[in-house]
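Structure first, then comments.
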Amino acid sequence: MSKKEDQAWGFATRAVRAGQRRTSEGEQSEPIFTTSSFVFADAEEAAERFSGRQPGNIYSRFTNPTVNAFERRLAALEGGQSCVATASGMAAILATCMALLETGDRLLVANGVFGSTMVLFDNYLSRFGIEIERLPLTDLSAWEAAIDSRTRMLFIETPANPLAEVADIAAFAELAHRHDCQLVVDNTVATAALQRPLALGADIVVLSATKYIDGQGRCVGGAVVGSQETVGEAVLGFLRTAGTSMSPFNGWVFLKGLETLSLRMQAHSRNALALAEWLAAQSQIEHVYYAGLPTHPQHLLARQQQEGFGGLVAFDVPGGQAGAWRFIDATQLLSVTANLGDTRTTITHPATTTHGRLTAEARATAGIGDGLVRVAVGLEDVRDLQTDLQRGLDALENIVS
Ligand SMILES: *Cc1c(COP(=O)(O)O)cnc(C)c1O
């Protein structure tokens, strides 16, 4: 029923075709299997399935055909052998750590990774005897110096949110493997459409599907991609027991999202570059953080490693928190929400929202200033976005920095 998949398919073809297994109904678009369990032909088949001797579905906490279709398609796009879908991006990160780390291990993590990731590591993993050390994303020699024989995992996010710092994934992978560590890359911000960390040597990709994979701000979900042994066995093993699985409905939404991911990422990148250039030309803006600008310290690396610079633009306004809030409150079109990867442009104040649970010191180390504003550029007309940001600029008049 389904056409044979071809390893040589290009990215766009895989995005719309990979992973589909038509049922005997001959449906063109994938159905949603809303069933919690699956029926066996007889008691013997049930026993065979439960023992693992016979492959097949048992219960939707373990596997579900709709979720599996999403997993196969995302694996094909990220270029991994295996993909496991999770209830959220955080569940993907938790499952990866629970599957691969144990008491006494050291985990090195980049400063400025997603706020909840840092809280998960600092407040929870550390309670189970996993030692966490934070390091600057763009200083590889500091990582080299910090690795010891107990270090098991290097965890980075590139491009980093919200400051758009870019790490050299191939160099990180080389360092990790020289010391017998695994490199985990959070690929939420670039997505497979703009960057494929596994092809650059990373061992595992984790991501929040909530963002660009959904792309329309509807569902929460995540995924882990990597080898059969680490992801298909170790991570899946944890997940099916712990129960942070993806729902079939969300799996279906994300499956459909993958079909337009590449087109959307190109449009997000185009709009964001136009706004970043415009913001950089405004005298009231103190600094613009966007890797597409030639002034960005990792501009060349981003050009080489990514197929686009993505949709996140951050900038410093004068007046600290008061200035940032005044700017945000003056906008009329932009949504004041912390989500990103939506068709609708969103605006947020990282210091009091996404990064608000960090200590002031941790925020300062991560470079998140009080006057920092982040815009996740959507798919509206750039002209309308510019008009709205101009309202923010106008509200900054007579603020002194
Ligand atoms: C949102 C996000 C996460 C967490 O994903 P959820 O789906 O919200 O749990 C992890 N990493 C990055 C970079 C994110 O933006």
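Miscellaneous remarks
- Averaging the sequence gap over all C-alpha pairs within less than 8 Å and six or more residues apart, then dividing by the number of residues, gives the chain a relative contact order of 17 percent.
- Note on the chain: GNM, Cα springs under 10 Å; of Ala192, Ala302, Ala360, the largest mean-square fluctuation is that of Ala360.
- Choice from Asn57, Asn250, Asn271 showing the highest fluctuation, given a GNM over the chain with Cα pairs closer than 10 Å: Asn57
- Of the chymotrypsin sites (Phe, Trp or Tyr not before Pro) in the range 301-401, not one is in a loop by DSSP (not H, G, I, E or B) with at most 13 other beta carbons within 10 Å.
- In the chain, the DSSP beta bridges split such that about 55 percent are antiparallel, to the nearest 5.
- Anisotropy class of the range 117-201 from Cα gyration tensor, a/c 1.5 cut: oblate
- Integer Hz, Karplus 6.51/-1.76/1.60 couplings in order for the range 115-121, x for Gly and Pro: x, 5, 4, 5, 5, 4, 5
- Helices meeting the span-like rule in the chain (full DSSP H runs, Cα extent of at least 24 Å along the helix axis, mean Kyte-Doolittle score of -0.5 or higher): 248-280.
- Gain on full stretching of the segment that runs from Glu259 to Gln28 - 0.36 nm per residue minus C-alpha separation: 81.8 nm
- Compared with the direct C-alpha span, the chain from Gln304 to Gln282 gains 5.1 nm at full extension, assuming 0.36 nm per residue.
- GNM flexibility winner over the chain from Val185, Val84, Val39 (Cα, springs under 10 Å): Val39
Every number in this text was worked out from the coordinates using simple rules, so none of it is lab data. Given the structure is predicted, the values throughout are model-derived calculations rather than measurements. Here Cβ is always computed from backbone atoms with ideal geometry, including for glycine, and neighbour counts include all displayed protein chains.
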